[in-house]
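Okay, structure first, notes after.
The values are calculated or read from the model by the stated rules, or taken from the named source; none is laboratory data. In this text, all values refer to a predicted model and were calculated from it rather than measured experimentally. FYI the Cβ positions are ideal-geometry reconstructions off the backbone, even for glycines, and counts take in every protein chain you see. Note: accessible area is taken over every heavy atom of the protein model, side chains too, but ligands, DNA and RNA are not part of it. Shrake-Rupley method; radii C 1.70, N 1.55, O 1.52, S 1.80 Å.
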Amino acid sequence: VTFYVGPSTGGPWTQVGAVKALVAGSATSDSYTPLAAGTYYFKAVYSGDSNYLTAQSDPATEVLVVNKATPTVTTLLSSSSITLGQSITDTATVTGLGGSFPAPTGTVTFYVGPSTSGPWTQVGAVKPLVSGSATSDSYTPLATGTYYFKASYSGDSNYLAAASDPATEVLVVNKATPTVTTLLSETTITLGQSIIDTATVTGLGGSFPIPTGTVTFWVSTSVSGPWTQVGAAKPLVGGVATSDSHTPLAAGTYYFKAIYSGDSNYLSAESDPA
């Protein structure tokens, strides 16, 4: 008996393994592994002998459906820890069965969320797989915290849709350093007069958060201190805070600085008293 496989009842036919001898009226083919999903038809052709003519089975009665396989989707962030204001990309690798089996084709969609269960926001455009890999558009988080990423593979004619495990792809976004600048109401006064100091705390700008928190103001007769607090700590309003009035008690040169408390997105920072 010779065994054959084909894509339809009319072939074309490909021989499956070696010709097999009948033993007590039966023969079993060599093992056959389809290399693509789809529908396959089989037939067996009997050679005949001194008493029986050649004959073959009906391929319409022997149909094999090969279903899609499940690929593996793995991901790798360009960095696992960044500072607010920086960006990352995500690269997905979709691995099929390997060997002589088809490589996965199709597309990958990238997502980011605040937890392993979402909610999920798409990162950039859908990307085509090229040699089993796809890289996302650049992503810039707009706040500090922990972010989870996943890649969803579309599937193709041989492979099912699949997604990576977001628990394995975590990004930590650390606080950024703001800039603290100050401006005295006057740079020269007469003993007995007073001044105020205004601090501006500048964050990353654009769509990033405006710094919040408080500012404490300090004065000293030396650029290196010791420092004395000027009035009460002041809340930032629109990134700006103004000190209580300060009246020097002696003639001389005074240095001022402002210390910003920091908040959930920005580190503490201070102005340059010089």
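Of the residues A163, S47, L267, the one whose Cα sits farthest towards the positive end of the charge dipole of the chain is S47 (charges of +1 on Lys and Arg Cβ, -1 on Asp and Glu Cβ, taken about the Cα centre). Convex hull volume of the Cα atoms of segment 149-274, normalised per residue: 137 Å³.
Amide hydrogen proximity for G106: with H placed 1.01 Å from N in the peptide plane, the residues at 5 or more positions away or on another chain lying under 5 Å are L129. Our coupling estimate for segment 64-72, obtained by passing each phi through the Karplus curve with A = 6.51, B = -1.76, C = 1.60 and θ = phi - 60°, is 10, 9, 9, 7, 5, 8, 9, x, 10 Hz, Gly and Pro reported as x.
The amide H of Q86, built 1.01 Å from its N in the peptide plane, has no neighbour under 5 Å, considering only residues 5 or more places off or on other chains. Think of the chain as having a plus end and a minus end, set by charges on the Cβ of Lys, Arg, Asp and Glu; of V23, S117, P12, V23 sits farthest toward the positive end of this dipole. Under a 10 Å cutoff between Cα atoms, tell me which one of S157, S117, S31 has the largest fluctuation in the Gaussian network model of the chain. Greatest mean-square fluctuation among the candidates belongs to S31.
Let's see if you can work this out: charge +1 on each Lys and Arg Cβ, -1 on each Asp and Glu Cβ, no other charges. What is the dipole magnitude of the chain about its Cα centre, in debye to the nearest 20?
Taking the Cα centre of the chain as origin, the dipole is about 180 debye.
The stretch between D30 and S47, if pulled fully straight at 0.36 nm per residue, gains 4.4 nm over its current Cα-Cα span. Between the listed residues Q86, G132, L142, the Cα displaced farthest toward the positive end of the dipole of the chain, a dipole computed from Cβ unit charges relative to the Cα centre, is found at G132.
The residues of the chain expose on average 54 square angstrom of accessible surface per residue, using a 1.4 Å probe on protein heavy atoms.
For T182, T2, write out the residues from largest to smallest accessible area, computed with a 1.4 angstrom probe and no ligands counted. Mind showing how you got there, number by number?
Numbers: T182 50, T2 20 Å².
If we order T182, T2 from most to least accessible, we get T182, T2.
Given the pairs K20/K68; K127/K150; K234/K257, which span a C-alpha to C-alpha distance of over 20 angstrom in this model? Result: K20/K68 exceed 20 Å. Would you mind telling me which residue in L183, L84, L204 has the biggest mean-square fluctuation in a Gaussian network model of the chain, where springs connect alpha carbons within a distance under 10 angstrom? Per the Cα network of the chain with a 10 Å cutoff, L183 tops the list. Inter-label distance, S117 to T14: 4.6 nm, where each label sits 7 Å from its Cα along the C-beta direction. Read through the labelled values (1) 6, 18, 21, 19, 15, 11, 7, 3, 1, 0; (2) 6, 18, 25, 28, 19, 5, 0; (3) 6, 19, 15, 12, 12, 10, 8, 6, 5, 4, 3, 1, 0, 0 and report the label of the one computed as P(r) over Cα pairs in 10 Å bins from 0, in percent from the structure. From the options (1) 6, 18, 21, 19, 15, 11, 7, 3, 1, 0; (2) 6, 18, 25, 28, 19, 5, 0; (3) 6, 19, 15, 12, 12, 10, 8, 6, 5, 4, 3, 1, 0, 0, the structure gives (3). Give, as a single signed number, the net charge of other residues whose beta carbon lies under 11 Å from the beta carbon of V1, with Lys and Arg counted +1 and Asp and Glu -1. Net charge around V1: +2. Residues whose amide H falls under 5 Å from that of T221, counting only those 5 or more places apart or on a different chain, are Y255, with hydrogens built in the peptide plane. Of D49, D156, D197, the residue with the greatest mean-square motion in the GNM of the chain, using alpha carbon springs below 10 Å, is D49.
Computed over protein heavy atoms with a 1.4 Å probe, the carbon and sulfur contribution to the accessible area of segment 125-274 reaches 56%. Multiplying the residue separation of V66 and A163 by 0.36 nm and subtracting their alpha-carbon distance yields 32.7 nm.
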